[in-house]
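Read the structure below first, then the notes.
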Amino acid sequence: MPDLRFQPSPATLTSIPRPKRGEGQWALGYTEPLNKNEQSKKDDDPLHVRDRILHVYSKRGFASIDPADLRGRFRWMGLYTQRAPGFDGGKTAMLEEEELDDEYFMLRVRSDGKLLSHDTVRALGSIGVDFARDTADVTDRENVQYHWIRIEDVPEIWQRLDDAGLSSVEACGDSPRPFLGSPVAGIAADEIIDGSSALEEIAARALGNPAYSNLPRKFKTAVTGHPSHDVAPEVNDIAFVGTVHPEHGPGFDLWVGGGLSTNPMLAQRAGVWIPLEEVAEVWEGVASIFRDYGYRRLRSRARLKFLVADWGIEKFREVLENEYLGRPLVSCESPSSPAGHRDHVGVHPQHDGKVYVGIAPTVGRVSGSLLVRLADLMERYAVAGARLTPYQKIVLVGVEPALLDDLLDDLDAIGLSARPSAWRQNTMACTGIEFCKLAIVDTKNRARDLVAELERRFPDIEVPITVNVNGCPNACARTQVADIGLKGQLVMDGDRQVEGFQVHLGGATGLQANFGRKLRTHKVTSAGLDDYVTTVVSNFLVDRKSDESFATWVARADEELLRGEKTLVSPGLEAAS
């Protein structure tokens, strides 16, 4: 057990719940590694792998990489081996990880809510062009993600990132994953409080710090002071959400224990008021609880959400206050959740008279050369900077209204529209089988084709319907909180297995936060997806009541309408079977 920056106070202050069997909780004395991941982290702090990449592996090549580094510690540097070509989805669970490894890497670069200048965007584009076969994706963790990275090129890539003020450190691994910040922090006319300085302080305390480089598993952070709750706080391990205390004014509530994957849970709200200058300290307290009391025996139970679910929010707050902060937090009723989507696409007013412009790459897929073209436009129109969003979008900040129309036209010309169709705006997709070793089906290309077909079939739809496409059960694209969530799996089509999806319907964040309806035994082939979604959307448009959202309709709709077994032809007429 390493030296810890924060040690709990004597346990006499707080009664700590003890599980019936040892779960690998350090603070309860279970310090011996209980699985290969814990052993690897004990053998060597994963942060040390940076020097081996710089001075050994990049010089000697892929074959020189220690397997414990390659499939473990490399992740702390934002590097995963990508999927070797030629392995279909049926091989995903059948082959060992090393059998699926290609000699190329995915590289994840964290933005952590930063405002990216045109020079920084150009640097990100140049990395894609020069080292990643012109790949670059905008992810729903506000990252830029590359593929086809050679280990020999990593030092030069890191140098370019350092020069641009960015990093890939701890973009993956059992560590503080990339932070989500409000894309409109400090500029939105309706913002409650700007959390940018808190995010900067969290990063300064956390990243590269051995006190937090060995957490039980990933630890996802979000900070927003915008009333739209635009960082999906319900599904993060820890989120700070803007609130207003009747006496103290603007501050942040604390939400903990959110997460999706195979055991989805919504974050629990602490009901507190935290001033801006204390956010980083509270973050450290929560991260330290996770480190010290998180479950390390089983990887499937090693997320903070399981600890919060077992303790309850009241006990969690008590431990945080008594053992880690040494003081009580100020109680304050949690802010109400907003209705509607939160991606900031389109043109919106800033508090300084300028506007910000949200643009929509289709399912987050851009390219290095497209980022370079975007940087050129940002420089030409004197845009203050760009931020990435948790919805695979990009927000351009500080646009002069007099230049807006020309900028919008030029953005359309390069394929980054601020006036996208409803389907392009509201569809997300994870990396999928093209590059990911966990995936079972294609996602990016399939989702783009679906968007194009829905644009053709429903060109003028006004009610927003979110579609999230995931290549496996891990929910990187947040399938359980989409109107239409598609989880990739192999399904039967007659007597053969083909790519397909399990369907979740009516999930949502915000005011209607829930995980939707998973239709029992209902699967859709990838080839039949366009027709299935068309049937469900048509049924919704016919059957919905005035101003009824898709999620509300799903909750009450007959299952045969949701399965696509029955099609309603038009209002006032009988349905056609």
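The values are calculated or read from the model by the stated rules, or taken from the named source; none is laboratory data. This one's a predicted model, so the numbers in the text were calculated from it and none came from an experiment. Here the Cβ positions follow ideal geometry from the backbone for every residue, glycine too, while neighbour counts run over all protein chains shown. Heavy atoms of the whole protein, side chains included, go into the accessibility calculation; ligands, DNA and RNA do not. Shrake-Rupley method; radii C 1.70, N 1.55, O 1.52, S 1.80 Å.
Quick notes
- Residues in region 338-378 that are among the acidic types (Asp, Glu) and within 13 Å of GLY398 (Cβ to Cβ): ASP352 alone.
- In region 388-410, the residue that is surrounded by the most Cβ atoms within 10 Å (Cβ to Cβ) out of those that are under 16 Å from ASP352 (Cβ atoms) and in contact (Cβ under 8 Å) with a residue 60 or more places away in the chain is VAL395.
- All positions within region 200-226 that are under 20 Å from THR509 (Cα atoms) and in contact with a strand residue (DSSP E or B) (Cβ under 7 Å, 6 or more places away or on another chain): PHE219, THR221, ALA222, VAL223, THR224, GLY225, HIS226
- Hits in region 447-464 - residues which are closer than 19 Å to PRO361 by Cβ and touching a helix residue (DSSP H, G or I) at 6+ places or on another chain (Cβ under 7 Å): ALA447, ARG448, LEU450, VAL451, GLU453, LEU454, GLU455, PRO464
- Candidates in region 142-152 are the residues that are closer than 22 Å to ILE394 by Cα and not in a loop (DSSP other than H, G, I, E, B); of these, the one that is nearest to the chain's Cα centre (by Cα) is ASN143.
- Scanning region 342-362 for residues that are open to solvent by 60 Å² or more (accessible area, probe 1.4 Å) and either more than 25 Å from VAL244 (Cα to Cα) or without any contact (Cβ under 8 Å) to a residue 60 or more places away in the chain (or both) returns VAL347, LYS354.
- Residue match in region 279-286 (condition: open to solvent by 20 Å² or more (accessible area, probe 1.4 Å) and either modelled with pLDDT under 95 or not in a strand (DSSP E or B) (or both)): yes
- Consider region 185-207 and keep the residues that are out of contact with any Ser or Thr (no Cβ under 9 Å at 6 or more places or on another chain) and part of a loop (DSSP other than H, G, I, E, B). The one that is most open to solvent (accessible area, probe 1.4 Å) is ALA189.
- Only one of GLY528, GLY506, GLY494, GLY516 that is open to solvent by less than 20 Å² (accessible area, probe 1.4 Å) and not acidic (Asp, Glu): GLY506
- Pairs with Cβ under 6 Å, 6+ apart, first in region 179-203 and within 18 Å of GLY251 (Cβ to Cβ), second open to solvent by 20 Å² or more (accessible area, probe 1.4 Å) and assigned to a helix (DSSP H, G or I): ALA185/SER196; GLY186/SER196; ALA198/LEU276
- Of the residues making up region 484-502, at least one is without any contact (Cβ under 8 Å) to a residue 40 or more places away in the chain, within 27 Å of SER228 (Cβ to Cβ) and not aromatic (Phe, Trp, Tyr).
- Within region 145-154, restricting attention to residues that are open to solvent by 40 Å² or more (accessible area, probe 1.4 Å) and touching a Ser or Thr at 6+ places or on another chain (Cβ under 8 Å), the residue that is nearest to ALA132 (Cα to Cα) is TRP148.
- Search result, residues across region 477-490 that are open to solvent by 10 Å² or more (accessible area, probe 1.4 Å) and in a strand (DSSP E or B): LYS487, GLN489, LEU490
- Complete set of residues in region 124-141 that are surrounded by fewer than 20 Cβ atoms within 10 Å (Cβ to Cβ), part of a helix (DSSP H, G or I) and either touching a helix residue (DSSP H, G or I) at 6+ places or on another chain (Cβ under 7 Å) or of a type in the set (Ser, Thr, Tyr) (or both): SER126, VAL129
- Inspection of region 127-147 identifies at least one residue that is in contact with a Phe, Trp or Tyr (Cβ under 6 Å, 6 or more places away or on another chain), touching a residue at least 40 places away in the same chain (Cβ under 8 Å) and of a type in the set (Val, Ile, Thr).
- Any hit, region 453-462, residues being under 23 Å from GLY488 (Cβ atoms), open to solvent by less than 20 Å² (accessible area, probe 1.4 Å) and not polar (S, T, N, Q): yes
- Top-ranked residue of region 382-415 - restricted to ones that are under 16 Å from the mean Cα position of the chain (by Cα) and assigned to a strand (DSSP E or B), ranked as farthest from MET94 (Cα to Cα): ARG387
- Candidate set: region 12-56, residues that are without any contact (Cβ under 8 Å) to a residue 60 or more places away in the chain and of a type in the set (Asp, Glu); chosen: the one least open to solvent (accessible area, probe 1.4 Å): ASP44
- Enumeration of residues in region 244-278 that are in a strand (DSSP E or B), closer than 22 Å to GLY312 by Cα and in contact with a Gly (Cβ under 8 Å, 6 or more places away or on another chain): PHE252, ASP253, MET265, GLN268, TRP273, ILE274
- Of the numbered criteria (1) more than 20 Å from CYS436 (Cβ to Cβ); (2) over 23 Å from the mean Cα position of the chain (by Cα); (3) hydrophobic (A, V, I, L, M, F, W, C); (4) open to solvent by less than 30 Å² (accessible area, probe 1.4 Å), the one VAL121 fails is (2).
- Boolean, ALA418 is more than 24 Å from the chain's Cα centre (by Cα), modelled with pLDDT of 95 or more and assigned to a loop (DSSP other than H, G, I, E, B): no
- Residue check for ARG365: over 25 Å from the mean Cα position of the chain (by Cα) and either among the hydrophobic types (A, V, I, L, M, F, W, C) or open to solvent by 20 Å² or more (accessible area, probe 1.4 Å) (or both): no
Yes/no matrix, rows are residues, columns are (1) within 30 Å of THR389 (Cα to Cα); (2) outside any helix (DSSP H, G or I); (3) open to solvent by 20 Å² or more (accessible area, probe 1.4 Å):
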{"residue": "SER300", "(1), (2), (3)": "yes, no, yes"}
{"residue": "LEU307", "(1), (2), (3)": "yes, no, no"}
{"residue": "ASP310", "(1), (2), (3)": "no, no, yes"}
{"residue": "GLU314", "(1), (2), (3)": "no, no, yes"}
{"residue": "ARG317", "(1), (2), (3)": "yes, no, yes"}
{"residue": "GLU323", "(1), (2), (3)": "no, no, no"}
{"residue": "PRO328", "(1), (2), (3)": "no, yes, yes"}
{"residue": "GLU333", "(1), (2), (3)": "yes, yes, yes"}
{"residue": "GLY340", "(1), (2), (3)": "yes, yes, yes"}
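- Residue satisfying condition, being at pLDDT below 95, on the phi > 0 side of the Ramachandran plot and not aliphatic (A, V, I, L, M), within set GLY510, GLY432: GLY510
- Residue among ASN474, ASN470 that is surrounded by 24 or more Cβ atoms within 10 Å (Cβ to Cβ), of a type in the set (S, T, N, Q) and either closer than 18 Å to ASP88 by Cβ or at pLDDT below 95 (or both): ASN470
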